[in-house]
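Structure first, then comments.
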Amino acid sequence: MLEIGVLVSWLILLIIIPLFTFSFFINSTSSSTTNSKLPRCYPLIGSYFDIVANRGRMNQWMAEVLRHCPTGTYALRRPFGYRQIFTANPANVQHILKSQFSLYPKGEMFRISLTDFLGSGIFNTDGDNWKFQRQISSHEFNTKSLRKFVEEVVTTEVSDRLIPILNSTAEMNSVLDLQDILQRFAFDNICKIAFGFDPEYLSPSLQEAEFATAFEEATKLSGERLSSAIPNSWRIKRYLNIGSEKSLKIANSKIQEFAKNIVRQKKQDLEKKSSFEVTDLLSRFINYDHLEENWLIDIVVSFILAGRDTTSAALTWFFWLISCHPKVEEEILKEIIGIPDKPVYSDIKEMTYTHAALCESMRLYPPVPTDSKQAAGDDILPDGTVVKKGERVTYHPYAMARMQNLWGSDWMEFKPERWLERDSINGKLSFVPKDSYTYPVFQAGPRICLGKEMAFLQMKMIVFETLRGFRVVPAHENGLEPVFISYLTAKMKDGFPVKIQKRDLSL
């Protein structure tokens, strides 16, 4: 049985084909520009045909479109007059993320599309609810917590779980999906640091976990709701409980059950103690007695999404890039050699070249390649683009990395040096950050990522321990270049198959 969304799409096309054919002959220039690189736009259906044709490469397509727009902004017209504005213009990014922050909330469209998955969690809410969650969460990202995170949580996960798996893979000369390993690693870490719970997902057996599979499915299908060629067509399938919406409902049910068990176990653990002790993010929220269980469940799901998918995506592309750039890997190894075998917080923090390489990797392959806001009122962006109330405005980090006016003619090169400056006197390298509106990989303004420092510490620790003892060699069939895809967060299509080779830096 065809999914209802497909049926509806075809019915719409059958109805408007005569109108489309007629308009093609009398108004072939109905797009806002005659530039052939830009999407063709027609009455009623907008740029439907181009959207469908590029469904599997939306990030790449929109990057191409924005590169051909003088202002770095394009208003994409979807069927029935719905308009979505895409921008790779830093002035516009600053406008929506900071200067006019209150005018550009997540909005109703985003909230409704993701409520089944994320509920009222921090990434799917606005106003006082968002402010409250952010204020409470911020306490867990201080220096003391970060030091504990590196010296206890990450170190244990690396030495007891990651390294043995890499050793075993090297000894057996087998192929390993490094993307899967990094997701498991990040999943264990976020659960331990945020909820005081160890799921032990990164284990030698690498068994599939029902929750992890459900989470992957929910992330994919929820992302497809937002990127549908026909806005809100998913609601029909949801009402009829068929196709992808039926699958999403099943996945969300499993996720809710898993998160509910975490919340209830945490409450039981806290009740057994003679005095209340805030030991992690979840216990801090539980301390507020007025919070309902469903609300706590939403918090758990939201932080798993943030902690599991973003750092693993960043590291997956990082390890692929350095495998293609041996000189960059060599510079990182020089830095690693100068660090003690058992590094502490300060050692990891000072990995300057590695930090630059990670920033450069995330520039080219951002873990969250796009993010949208919904205008709460009429507005005009700094580049002159008119925005109407209710329209979705999407800033595009993936496209921004590919803009020559922002990164120069060598924008396509993996070049950590663009983030570094060498002292003319002592020769020491220092990191030179870019402004967060040209490089909005961690968002910017009031909603800038709280876990940015924690993410860098975790990634640098993994890089240190992995490259110190091993060489990561891609094992894609026929040496094919991997494909960048995304739903709510980025991934490497079909995983990252690698072989692991041991190395000894002491030689």
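Laboratory data are not the source of any read-out in this text; all were calculated from the coordinates shown. The structure presented is a predicted model; accordingly, all values stated were derived computationally and were not measured. Every residue, glycine among them, receives a Cβ derived from its backbone with ideal geometry; neighbour counts consider all protein chains shown.
List of remarks:
- Annotation: the residues VAL328, VAL344, sorted from fewest to most other C-beta atoms within 10 Å of their own C-beta, follow the order VAL344, VAL328.
- Separation between Cα centres of the range 468-506 and the range 312-350, rounded to whole Å: 15 Å
- Taking the longest Cα principal axis of the chain as reference, the axis of helix 4-26 is set at about 50 degrees.
- Within the straight-line cut-off of under 18 Å between alpha carbons, the aspartates and glutamates reachable from LYS144 are GLU152, GLU277, ASP280, ASP347, GLU350, GLU453, sequence neighbours fewer than 8 places apart in one chain being disregarded.
- Helical mean residue ellipticity (222 nm; -39500 (n - 2.57) per DSSP H run of 4+; nearest 500) of the chain: -15500 deg cm²/dmol
- Cα gyration tensor, the range 414-507 - rounded (a/c under 1.5), prolate or oblate: oblate
- Against the main long axis of the alpha-carbon atoms of the chain, helix 210-227 sits at an angle near 30°.
- Translational diffusion coefficient of the range 313-465 (Stokes-Einstein, Kirkwood radius from Cα pairs, 25 °C, 0.890 mPa s): 143 µm²/s.
- Within straight-line cross-link reach of LYS388, lysines at Cα separation under 18 Å, skipping those fewer than 8 residues along the same chain: LYS106, LYS373
- Straight-distance crosslink candidates among lysines, where the alpha carbon sits under 16 Å from LYS460 and sequence neighbours closer than 8 are dropped: LYS148, LYS334, LYS342, LYS349, LYS452
- Between the range 58-82 and the range 168-212, the C-alpha centres lie 38 angstrom from each other.
- By the count of neighbouring beta-carbon atoms within 10 Å, fewest first, ARG284, ARG447 end up ordered ARG284, ARG447.
- Sorting 237-247, 218-228, 418-428 by average packing, meaning the other beta carbons within 10 Å per residue, from highest down gives 218-228, 237-247, 418-428.
- Between SER424 and ASP128, the simple spin-label model (points 7 angstrom out along Cα→Cβ) gives 5.7 nm.
- Rounded Å value of the spacing that divides the Cα centres of the range 253-285 and the range 134-162: 18 Å
- Amide H contacts for LEU420 (H built 1.01 Å from N in the peptide plane; partners 5 or more residues away or on another chain; cut-off under 5 Å): VAL432.
- Counting DSSP beta bridges with both ends in the chain, the antiparallel % (nearest 5): 85 percent
- Along the axis of the charge dipole computed for the range 23-164 (Cβ charges of +1 for Lys and Arg, -1 for Asp and Glu, origin at the Cα centre), the listed residues LEU114, ALA91, SER137 are led at the positive end by ALA91.
- Rounded to the nearest 10 degrees, the inclination of helix 107-118 to the longest alpha-carbon principal axis of the chain is 50 degrees.
- With only the Cα atoms considered, the chain has a convex hull volume of 172 Å³ per residue.
- Ranked LEU281, LEU270, LEU44, criterion: other C-beta atoms within 10 Å, fewest first: LEU44, LEU270, LEU281
- In this Cβ point-charge picture (+1 for Lys and Arg, -1 for Asp and Glu), the range 430-497 has a dipole of about 180 debye about its Cα centre.
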